[in-house]
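Derivation of every value follows stated rules applied to the coordinates shown; laboratory data play no part. Given the structure is predicted, the values throughout are model-derived calculations rather than measurements. Quick reminder, even Gly has a Cβ in these numbers, built from the backbone with ideal geometry, and neighbours come from all protein chains shown.
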Amino acid sequence: MKKCIAALNSMTMAIKAKEALSENAIFSNIIKLDSDMTKNGCAYGLEIQCNQLNNAKTVFGKKRIKIREYIGESDKNV
Amino acid sequence: MIYLDNAATTFPKPGAVWRETLRCMKYYCGNPGRSSHKLSLASATKIYECREAIADLFGCDKAENVVFTYNTTYALNIAIKSVAKKGDHILISNLEHNSVLRPIASMKEKKLIDYDIFSATEPDTASILENIESFLRPNTRILVCTHASNVCSLKLPIEEIGALCKKNGIILIVDAAQSAGIYDIDLDNMNIGILCAPGHKALFGPQGTGFFIKSDRINADTFIEGGNGINSLEEKMPDFLPERFEAGTLATPAIAGLFEGVKYVKALGLEEIRYRESALGARLSEILQNTPKVRVYAPEAVGGTVLFNIDGATPNRAASEFDRENICLRSGFHCSPLAHAALGTGENGAIRASLSFFNRFDEIEQFYKCLKEIIAAQ
């Protein structure tokens with residue numbers, strides 16, 4: 001199953017986002033993003049199954065969770 | 001041991017608080033927000049849950065707006081110094097703790113700001129508001145005041161002061177050191193810009209915990225800069241909460257304990273806590289007011305903190321005599337010279353007895369017995 005990433009500013013926001021998804025039965029994993037993906041050093045992302053990405057976006061919108069960017073397919077090196 | 005120094009720090013704490021603090025140290029105390037490995041995530045998640053619980057208790061819908069500090073003094077220093085700008089006029093009340101007075105006086109000494117002290121010991125709310133208005137200047141930008149005094153049970157009408165601040169475009173910073181976990185506080189309804197509070201007092205957390213909650217409408221500069229695991233390649237602190245104001249490793253075990261304390265308070269309910277503390281405080285105040293040779297300050301105030309003196313005994317000597325009978329009280333000026341001056345306690349200050357939910361009526365009666373013995377022995 002393909003994985004997509006929602007990049008977030010901080011671990012705090014990553015936990016908030018993960019909790020919001022969990023409440024809506026969407027499984028996600030917090031991962032640390034490589035700096036070439038974030039441009040300014042340490043940041044975090046939520047790994048989500050790509051077929052759940054639209055549902056996740058709806059949850060983030062409702063909860064006013066700001067996503068830095070959505071990154072398409074990920075591989076395990078992310 | 002009868003502990004009546006809860007305004008300094010509460011004791012005892014609920015068992016869940018120290019159990020979780022120990023559990024954290026033993027099983028999951030990774031560095032929060034620094035990695036995505038299991039222990040770091042476990043710590044960060046616990047801290048986030050604590051932010052959520054605190055935000056909910058104080059009417060804030062964003063957990064990330066809760067910023068952890070080491071105590072209320074740190075919270076107040078960060079709040080005041082990150083909001084104040086050169087040339088500002090600041091108002092504080094005559095009941096302020098040194099955690100408000102000293103940073104403000106220091107900024108005045110450096111010619112950064114000017115300040116005035118309004119009277120919060122007026123007989124009614126209208127008079128307090130009138131007094132505040134009499135000090136307003138075109139450059140009055142910040143009002144800092146305590147919600148409840150740390151030396152007696154006087155409280156400030158925060159909701160009304162918040163409305164006055166809103167009307168005049170003033171940022172309200174509230175010191176909730178003695179009220180968080182006892183009185184209802186709602187950031188939005190009270191127009192509070194920044195609420196500063198301890199974790200180790202009426203929220204029953206360990207010492208080393210404090211926080212502030214910042215409203216989104218307040219812009220604030222950074223106060224402490226350093227690493228926080230975010231945007232590490234940038235020289236500047238991030239512009240988002242809470243990491244903008246949190247540099248260095250947080251006190252994870254203490255915050256884990258605080259989370260249990262907050263849950264404990266929420267489960268009991270503030271009304272229940274208030275009711276018990278007020279009933280205990282009323283009995284304590286009644287005893288003191290009806291004992292010859294005892295003077296009670298602000299006797300009309302209802303709550304769990306009572307300030308008094310015994311004729312012929314300095315506060316320090318009297319407190320030592322209580323201590324010999326295993327009763328813990330605090331004597332002196334309680335870091336609040338303004339409040340002592342307003343209440344007229346004199347050159348040696350006074351003795352403070354401060355209660356918590358865990359005190360009992362039989363302890364008050366033992367205190368009374370000891371009080372009578374101290375007076376009789378003079």
What percentages, rounded to whole numbers, describe P(r) for chain B computed over all alpha carbon pairs with 10 Å bin width beginning at zero? 5, 23, 31, 25, 13, 3, 0
Mind grabbing the base-10 log of I(q)/I(0) for the stretch B:124-172 at q = 0.20, 0.27, 0.32 Å⁻¹? Debye formula, identical points on the C-alpha positions, no solvent, two decimal places. -0.68, -1.11, -1.34
Hydrodynamic radius by Kirkwood for the stretch B:37-114, inverse mean 1/r across distinct Cα pairs, in Å, is 14.8
Fraction of alpha-carbon pairs in the protein assembly as shown farther than 43 Å apart, rounded to whole percent, equals 21
FRET efficiency, B:R217 to B:E130 (Cβ-Cβ, R0 22 Å, nearest 0.05): 0.25
For chain B, set up a GNM with springs between Cα atoms under 10 Å and report which of B:G193, B:G304, B:G169 has the largest fluctuation. B:G169
Could you please report the charge total around B:Y27, scoring K, R as +1 and D, E as -1 over all other residues with beta-carbon less than 13 angstrom from its beta-carbon? +4
Distance in nm between pseudo-label sites at B:K111 and B:R19 (7 Å out along the Cβ direction from Cα): 6.0
Long-range amide H partners of B:D5, meaning residues 5 or more apart or on another chain whose placed amide H is closer than 5 Å, are B:S354
What FRET efficiency, computed as 1/(1 + (r/R0)^6) with R0 = 25 Å and r the Cβ-Cβ distance, is obtained for B:A279 and B:D56, rounded to the nearest 0.05? 0.40
Roughly what would the spin-label model give for B:H37 and A:N54, points 7 Å off Cα along C-beta, in nm? 4.0
If you build the Cα gyration tensor of the stretch B:79-162 and take the root of 5 times each eigenvalue, what three semi-axes come out, in whole angstrom, biggest first? 22, 15, 10
Pairing the Cα long axis of helix A:11-23 with the longest principal axis of chain A, what angle in degrees results, from 0 to 90 and rounded to the nearest 10? 30
Of all C-alpha pairs within the stretch B:332-371, those more than 16 angstrom apart amount in percent to 49
Please work out, to two decimal places, the log10 of the ratio I(q)/I(0) at q = 0.14, 0.17, 0.25 Å⁻¹ from a Debye calculation in which every Cα of the stretch B:203-255 carries one identical scatterer. -0.44, -0.63, -1.06
Which are the unpartnered cysteines of chain A, meaning those with no other cysteine Cβ under 4.7 Å from their Cβ? A:C42
What spacing in nm lies between the two simple spin-label points modelled at B:D239 and B:D186, each 7 Å away from Cα in the Cβ direction? 3.2
Can you put A:M11, B:M1 in order, fewest other beta carbons within 10 Å first? B:M1, A:M11
When the charge dipole of the protein assembly as shown is computed with +1 at the Cβ of Lys and Arg and -1 at the Cβ of Asp and Glu, the Cα pointing farthest to the positive end, of A:I30, A:Q49, B:N219, is that of A:Q49
Comparing A:A14, A:A25, A:A56, which has the greatest mean-square fluctuation in the GNM of chain A with Cα pairs linked when under 10 Å apart? A:A25
Write down the Kirkwood hydrodynamic radius of the stretch B:298-378, to one decimal in angstroms, obtained as one divided by the mean of 1/r over all alpha carbon pairs. 13.3
Angle, helix B:72-83 long axis vs. longest principal axis of chain B, Cα atoms, 0 to 90°, nearest 10? 50
Can you tell me the dipole magnitude for chain B around its Cα centre, using point charges on the Cβ only (Lys, Arg +1; Asp, Glu -1), in Debye to the nearest 20? 820
Exposed loop GluC sites (Glu not before Pro) only (DSSP loop, at most 16 other Cβ atoms within 10 Å): please give the longest stretch of chain B free of them, not including the sites. B:1-224
Per residue, what volume in Å³ does the Cα convex hull of the stretch B:32-185 take up? 128
Cα atoms only, chain A: Rg and Dmax in Å? 11.3, 32
Taking Cα atoms only, helix B:158-167 is inclined relative to the longest principal axis of chain B by an angle, in degrees rounded to 10, of 50
Let me check against my output: what whole-number percent is the relative contact order of the stretch B:19-98, with C-alpha pairs under 8 Å and at least 6 apart? 14
Could you tell me what percent of the DSSP beta bridges with both partners in the protein assembly as shown are antiparallel, to the nearest 5? 65
